[in-house]
Structures are given as structure tokens and as C-alpha cells.
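The values are calculated or read from the model by the stated rules, or taken from the named source; none is laboratory data. None of these values were measured; they are calculated from a predicted model. A quick note on method: Cβ atoms are made from the backbone with ideal geometry, for glycine too, and the neighbour counts reach across all protein chains shown. Ligands, DNA and RNA are excluded from the accessible area calculation, which covers all protein heavy atoms including side chains. Shrake-Rupley method; radii C 1.70, N 1.55, O 1.52, S 1.80 Å.
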Amino acid sequence: MKKIILSGGGTGGHIYPAVAVAEALKRRFGEEVELLFVGAEGKMEMEKVPALGYRIVGLPIAGLQRRMDWHNLLVPFKVLKSLRQARRVIREFGADAVVGFGGYASAPVLWAAQRMGVPTVIQEQNSYAGVTNKILARHADRICTAYEGMDRFFPSDRITLTGNPLRGRFSKEGADRAEALKYYGLSADRPTILVVGGSLGTRSLNEMMKAWILETGGKAPVQVIWQTGKYYEREMKAFLAAHPAEGVWQGAFIDRMDYAYAAADVVVSRSGAGTVSELCLVAKPVVFVPSPNVAEDHQTKNARALESKGAAVVVPDAECRTTAMRRACELLSDPARLASMSRALEALARPRAAEDIVNEIVKVMK
């Protein structure tokens, strides 16, 4: 029986890659592997991971607040308590390996494992390494990355380029386009732009859509699948009621991303690590509008990495309201550029990322 701890949390960008690897481990070893997740008390992983059927233990670890806050005074005590608890969890579980997916939630258990002689593997989703992973990589046995050139941050002899592990099955072939267009009530005679800002939504992309609808008077030669996010759903529904627009599907969530990608000719999106990896797999030309509100400006670095290979167009957040939809429409009028971007994206795709990370875990286990 193999016993493996997976840790990472705070955001879906750290949680879902860990779940994707857990699923790959289950596919590989079935009943011969036992998995335990370790997260941070009160964070989203404590709800999301059990809902997917996995056991999780929460540590009292907390991150530093960027603003002056008295809670920062408690952080050293929480770190020490988390390290003690992490050692106990590793010992009682009998871990053969510990795998970290970034975020401060993963720090105590990986730190403890490294000092207990338990093999550790780190997975870095972004093109610019996070602080936690940079620190832990010094003693990690293996570092799985999604981008080339990560020896800027990590020991080169321990890096393996695997890509980002994703849940679900995304591919260039994807779902049937006609079926996807019918699902969204759209026409096969007009090009389609997918605007997606994540489950919570993105104010910038929603304001961009409002400006575009006002500019075109609700009549445009393209149609749009517009995912607004739950925070903005009521506001955007009210806007569309006051300013009806032809060929616009609007919703808080997109349940069938495979259909959304199949229907789309161009995507306008944020550039989180998971989204970037999905777009490479489906090879959909994209206009990235990186969020300026993430640690170490990860999204801009992710987007620029693809732009440098001719796989994406990047529009800064401050300019997206007036620029991003225009750039997307320009791409639609240039079939050669679309084909070139699609080829560049496909070349960057790593469809076996989760399985390749499992290979690295198996290699380091004693």
C-alpha cells in the first residue's frame, strides 16, 4: 500500500491540480494507494476536497496580510503549531511521499517531511515561481513545472517539465461544435467569442462587455458566450434587460466548458495557470487580460510567456474595457493568424501532465 499526502490550498489554482493528481494516482494504483490531503483551516480546500470524496486534515497555518494587521502577530505561533501538527500527521499516516502544489497551506507539511526524510515533490503551476515553492524547492526531491526556463528559480537537476494537471478531458477535437452552439442557442453562421472571467467573475471583463454592447447597439457580426461570475450575475442580467443584445448568451457559470470551447473561435480570458493549460489543450486562440491583483503578478507572466511564442495576444487590464473585444474581432478577421496561434498553443499542450507527475512521485518514493 502506497501512502501519499497531497497539500496545497487557498485558491482553486492550488487545489484542483492536487485533485487531478489524486485522480491519476487512483487510476494508476486503485485500492493500492491511500491518499490524505492537508490544507489550511478555514480555507476553501476544507470544503471542496471532502466534497470530492477525499479525506483532508486542516492545519492552523495562516499567511501574512499585505496590509498592517494585528493578525500578523499571530502568524509565527500558527507556523510553529502547524509544523508540530504536520510532523504528527506524517508520522501517524505513515507517508511514503508528500506532494505540494503551492500556497502557504503546503509549507508546514512539506517542510516537516523534508526534515523527517520523507521524499517530497513540488508542482509549480505558473511561469513565475511562488514564494512557498521557491523556499521548499531547496530540499525537494523533484520539481514538476508547467513552463520552460524554471531553472531561474529551482535547481535544474531536479526539474521535470510536466505541464499543469487538469481535471476533466480537454482536447483539440473536443465536443461537437454544432451540438455546442445549439446548447448555447447560438447560430452556426456567425463567429463566436467566449468571454470567461472565472467562477467569481471579473469586473474588468464585465465592464468590457457592457461597453461593447453599448458601442454596437446590441447588434454585432459576432456572437458571445459571456460568463459573468456569481458576484456580478444580477447586475449584468439587469444591464442586458435594459440593453438587449442579439447573439449573447450570459450566465454566472459555465457548466459545460467543453461546449464553450467547442463553440468559440476566440477566447477573451484571465490567464490563471489552469485556464492557460486548458487553452493549450483545446488550442483556442486567446486574448489574455491578466488580473493585476494576484501575487507576484503571476497572470501577466503566464500570458507573456504564451505571447512570446505567438500563442496569445495580451491586453493589460487597464486597457481591456476599450481594447480587448476589438482585438478579438481583429483576430476573427485573420484566419491565417488564428491558425498560427492554434498551432502554437497545441505545441505547448501537455495532455498527460497528471500521469507524468505520478511518474515522478513513484520515482522518489523509497
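Over the chain, what percent of the accessible surface lies on carbon and sulfur atoms, probe 1.4 Å? On the chain, the fraction of accessible area on carbon and sulfur atoms equals 51 percent.
Think of each Lys and Arg Cβ as +1 and each Asp and Glu Cβ as -1; about the Cα centre, that makes the dipole of the chain roughly 920 debye.
Span-like helix check, the chain: no full DSSP H segment qualifies, none having both a Cα axial length of 30 Å or more and a mean Kyte-Doolittle of -0.5 or more. Each residue of region 161-175 was assigned a 3J(HN,Hα) from its phi angle through the Karplus expression (A = 6.51, B = -1.76, C = 1.60, θ = phi - 60°), giving 7, 10, x, 8, x, 10, 7, x, 10, 10, 7, 5, 5, x, 7 Hz with x at Gly and Pro. Helical content alone sets the calculated 222 nm signal of the chain at -13000 deg cm²/dmol, taking -39,500 (n - 2.57) per DSSP H segment of four or more residues and averaging over every residue. Among CYS144, CYS320, CYS329, the largest mean-square fluctuation in a Gaussian network model of the chain, built with springs joining Cα atoms closer than 10 Å, belongs to CYS329. Site pair ARG177 and MET1 shows an inter-label distance of 5.1 nm when each label is modelled 7 Å from Cα along Cα→Cβ. Working from the Cα coordinates of region 259-366, the gyration tensor eigenvalues give, after taking √(5λ), semi-axes of 28, 18, 11 Å in decreasing order.
Our coupling estimate for region 217-224, obtained by passing each phi through the Karplus curve with A = 6.51, B = -1.76, C = 1.60 and θ = phi - 60°, is x, x, 10, 9, x, 10, 10, 9 Hz, Gly and Pro reported as x. Which pairs, out of LYS172/LYS230; LYS48/LYS230; LYS3/LYS301, put more than 26 Å between their alpha-carbon atoms? In this structure, LYS172/LYS230; LYS3/LYS301 lie more than 26 Å apart at Cα. For the chain, the relative contact order comes to 16 percent (Cα pairs under 8 Å, sequence separation of at least 6). With the charge dipole of region 294-366 set up from +1 on Lys and Arg Cβ and -1 on Asp and Glu Cβ about the Cα centre, the Cα lying farthest toward the positive end among the listed residues PRO316, ALA328, ASN359 is that of ASN359. Put simply, the convex hull of the Cα atoms in region 190-233 casts, on average, a shadow of 2.9 nm².
Per residue, the accessible area of the chain comes to 46 Å², computed with a 1.4 Å probe over protein heavy atoms only.
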